[in-house]
Amino acid sequence: MFKLLIGVCFALCSAYAQANIILNGTRIIYNESKAFVSVQLTSTGPDASLVQAWIDDGDINSTPETAQVPFLLSPPIVKVLGHGGQQLRIEKTDAPVPGDRESIFYLNILEIPAFPEHLKGQNTLQLALKTRVKLFYRPNTLKSPPDFSGKNIRAMVHGTDISIFNDNAYHLTIAQITAKDTSVKVAGASMIAPYASLNIPGEQKLVPGAQYILTYVDDLGAYQDEVVTLQ
């Protein structure tokens, strides 16, 4: 009965529980040299939406009241008209962040759609829709762009496991890892922090020399392939 009620609620709200607010990109890059960065919100629907925005440091359950980050975000609450737009401004505060590597935060966009006139007076469930995108902060010490070539990505074998090492000062966002020439996926999406590693458990013993295709996401949100060889 509980599952049925949930299904009915979603059916009732399906006519208007659609995300109308989109962002101009799938990630935000904030270089220290900039005084601030702007994020463009665009409404794709005919109705106005109320948007609440905040930044967190990795806690997906954060709220505007609990999140503690070294940024100022304005406006935190805004009304976006149908087929209209609004810019959010993100400004770094004086709070310290690591100066030798990239830091990651997350921008949350909570959209509360307008209630449709034709559903007023009916038993309905209105949903708020949240979008969460990565915000990368890069200190001025990082002079060169991210380089995820073979010289900065290492793959080492440990029995049945593979360890991927990210020797960059930047986060390595992996879409997938597949065995070369076989298209067998050995790992899905994940992210490796700067100078950190990811352990991928396997089921059979591996030998050095095997090659894998590591598909990662670049600054523009596009997929790029890099061949890595087990050491």
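Numbers for the structure displayed
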read-out: Qualifying residue in segment 144-156 (condition: touching a Lys or Arg at 6+ places or on another chain (Cβ under 9 Å) and surrounded by 15 or more Cβ atoms within 10 Å (Cβ to Cβ)); value: no
read-out: Near pairs, Cβ below 6 angstrom, 6+ apart or cross-chain, from segment 40-64 (more than 24 Å from Ser103 (Cβ to Cβ)) to any residue that is crowded, with 20+ Cβ neighbours inside 10 Å and of a type in the set (S, T, N, Q); value: Ser43/Asn20; Thr44/Asn20; Gly45/Asn20; Ser49/Asn20
read-out: Residue selected from segment 129-171 under the condition part of a loop (DSSP other than H, G, I, E, B) and of a type in the set (D, E, K, R), by the criterion nearest to Gly58 (Cα to Cα); value: Asp167
read-out: Elements of type strands (runs of 3 or more DSSP E) in segment 172-229, at least 2 residues being without any contact (Cβ under 8 Å) to a residue 40 or more places away in the chain and surrounded by 13 or more Cβ atoms within 10 Å (Cβ to Cβ); value: 172-179, 184-187, 190-192, 197-200
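Conditions (1) at pLDDT 90 or above; (2) under 24 Å from Tyr170 (Cβ atoms); (3) surrounded by fewer than 12 Cβ atoms within 10 Å (Cβ to Cβ); (4) more than 20 Å from the chain's Cα centre (by Cα), marked per residue:
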{"residue": "Leu23", "(1), (2), (3), (4)": "yes, yes, no, no"}
{"residue": "Ser38", "(1), (2), (3), (4)": "yes, yes, yes, no"}
{"residue": "Gln86", "(1), (2), (3), (4)": "yes, no, no, yes"}
{"residue": "Pro96", "(1), (2), (3), (4)": "yes, yes, yes, yes"}
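The values are calculated or read from the model by the stated rules, or taken from the named source; none is laboratory data. On a predicted model such as this, the values are computed, not experimentally measured, just so you know. Ideal geometry is used to build each Cβ from the backbone, glycine not excepted, and the neighbour counts take in all protein chains shown.
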